[in-house]
Amino acid sequence: MKSISTNNATVFFNSEVYSELNNYIKTNKPSKIFILVDTNTHDYCLPKFLERLESGQINIEVMEMPNGEEHKTIDICTGVWEALSEYNADRKSILINLGGGVVTDLGGFVASTYMRGITYINIPTSLLAMVDASVGGKTGVDLGSLKNQIGVINEGEIVGVDTSFLDTLPQNEMVSGFAEMLKHGLIYDKAYWNTLTNLEKLDLSDLDQLIYDSIVIKNKVVTSDPKELGLRKILNFGHTLGHAIESYFLENADKTPLLHGEAVAIGMLLETYLSTKICGLSNQELELITEGILKTFSKVEINKNDQKHIIDLLQYDKKNSHGIVKFVLLEAIGEPKTDCIVSNTLIEEAFDYYAS
């Protein structure tokens, strides 16, 4: 597969990842190499990665953070900043983020702010990070349970997608990443959506190409609108309600936390229903999308009390302006519409549709 050029970075695939990374290190001669991992990638991915990393005489320091969305916090950033300082990281040091979306988001933010910015490289190890989190330069952390409230848009130097890391991934994490691939089809390419919802006709050898195609879609969107002033907003389809649902399940002790993709899948179903009421999406496509998502994602119980709290959390969505919640909805598969305003009554209707 050919590499993909973004605005400031390049995405490399599989064996090319290591030749390009090692060439970058040889050419740029960083003062030190820091590798950020979480507890899972430390055990399952780091040994394999270090085997293929050629650092020469350059010192490598590994920094480990706890695994999980609940640790995507400023407190963890502070620990990483302090470790960088303690190990004498300077502006010629590089930070390699080896992990899923939490590691690439947090590590990118740490690198972008340490000494006003050092070079970072993302090596995503989860499907979600490969097709979404590590591409496009969005970095940041959560504010309490509120998703991605603190951060900057700043691309790394290289994104290295080695799909063999997916062999270490639990099934539920694979499913979580698949939600973002479905989203890319819904907002951009109906043929790609159709392929993803007919996986029984494919086998594992097709997965690399599907991942590549998903990254191509995201890259086309973010390179045309890196600061999310217009087109890039379409990537938020399913995320307005999805992030609120994810935050609510994360902060509520009575609920089992949802993975990002699990919450976004619910958000896409709800926002697809809203699309029929506001954007003229056909009932036929509503049924098609509902069936396609529920092929992979189990339904989650969300009662009336849950709905109220989830709707309250919408006020914190980053697309809002002047106190107005704005949604991305669909006029048809592959035809999104941004800046849609939705009443709470319609949102409650959407939850009723999901429950039914």
**Prompt:** Cβ under 12 Å from GLU301's Cβ, GLU301 left aside: what net charge do those residues give with Lys, Arg +1 and Asp, Glu -1?
**Reply:** +1
**Request:** Straight distance only, please: which lysines reach the Cα of LYS319 with their own Cα at less than 19 Å, same-chain residues fewer than 8 apart left out?
**Result:** LYS138, LYS147, LYS183, LYS218, LYS227, LYS233, LYS337
**Complete:** Here the net charge surrounding SER31, from other residues whose Cβ is less than 11 Å away from its Cβ (Lys, Arg +1; Asp, Glu -1), is +3
**Prompt:** Dipole size in debye (nearest 20) for the chain around its Cα centre, Lys and Arg Cβ +1, Asp and Glu Cβ -1?
**Reply:** 1060
**Complete:** Across ILE123, ILE324, ILE187, the residue with the highest GNM fluctuation in the chain (Cα network, 10 Å cutoff) is ILE324
**Item:** Per-residue SASA entry for THR223, accessible area with 1.4 Å probe, Å² rounded to 10
**Value:** 50
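Suppose a student asked you for the relative contact order of the range 38-126, using Cα pairs under 8 Å spaced at least 6 residues apart; what percent would you report? Intermediate results must be reported in sequence, preceding the final value.
Values: 93 pairs, mean separation 25.7, N = 89.
Once divided by the residue count of the range 38-126, the mean separation gives 29 percent.
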**Complete:** Expressed as a whole-number percentage, the relative contact order of the range 122-173 with C-alpha contacts under 8 angstrom and at least six residues apart is 44
**Item:** Structure-based [θ]222 nm, the chain - -39500 (n - 2.57) summed over DSSP H runs of at least 4, per residue, nearest 500
**Value:** -14500 deg cm²/dmol
**Fill in**
With the 8 Å Cα cutoff and a minimum separation of six or more residues, the chain has a relative contact order in percent of 14
**Prompt:** Restricting to the chain, what percent of DSSP beta bridges are antiparallel, rounded to 5?
**Reply:** 30
**Message:** I want to verify a result. In a Gaussian network model of the chain, Cα cutoff 10 Å, which of these has the top mean-square fluctuation: ARG232, ARG91, ARG116?
**Reply:** ARG116
**Prompt:** Quick one: length gained pulling LEU143 to TYR44 fully straight, 0.36 nm per residue minus the C-alpha distance?
**Reply:** 32.8 nm
**Message:** In whole percent, and with a 1.4 Å probe on the protein chains, what portion of the accessible area of the chain is carbon and sulfur?
**Reply:** 48
**Prompt:** Each residue of the range 151-165 in turn: what ³J(HN,Hα) in whole Hz from Karplus with 6.51, -1.76, 1.60 and θ = phi - 60°, glycine and Pro shown as x?
**Reply:** x, 9, 9, 7, 6, x, 7, 9, 10, x, 9, 9, 5, 5, 5
**Item:** Share antiparallel - DSSP beta bridges, the range 1-103, percent rounded to 5
**Value:** 15
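With every protein chain present, what is the per residue accessible area of the range 1-91 (1.4 Å probe, Å²)? Write down the numbers at each step before the final one.
Working: 4940 Å² over 91 residues.
Per residue, the range 1-91 has an accessible area of 54 Å².
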**Request:** Tell me the chymotrypsin sites (Phe, Trp or Tyr not before Pro) within the range 63-109 that lie in a loop according to DSSP and have at most 11 other beta-carbon atoms within 10 Å.
**Result:** none
**Asked** When the chain is modelled as a GNM with alpha-carbon springs shorter than 10 Å, which of VAL103, VAL131, VAL17 fluctuates the most?
**Response** VAL17
**Message:** In Å², and per residue, what accessible area does the range 243-356 have when probed at 1.4 Å with the other protein chains present?
**Reply:** 47
**Request:** With unit charges on the beta carbon (Lys/Arg positive, Asp/Glu negative), name the residue among ASN67, VAL37, ILE4 whose Cα is farthest towards the positive pole of the charge dipole of the range 1-67.
**Result:** ILE4
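The values are calculated or read from the model by the stated rules, or taken from the named source; none is laboratory data. Predicted, not measured: the structure shown is a model, and the values here were computed from it. All Cβ positions, even for glycine, are placed from backbone atoms using ideal geometry, and neighbour counts span all protein chains on display. Surface accessibility is based on the protein's heavy atoms, side chains included, excluding ligands, DNA and RNA. Shrake-Rupley method; radii C 1.70, N 1.55, O 1.52, S 1.80 Å.
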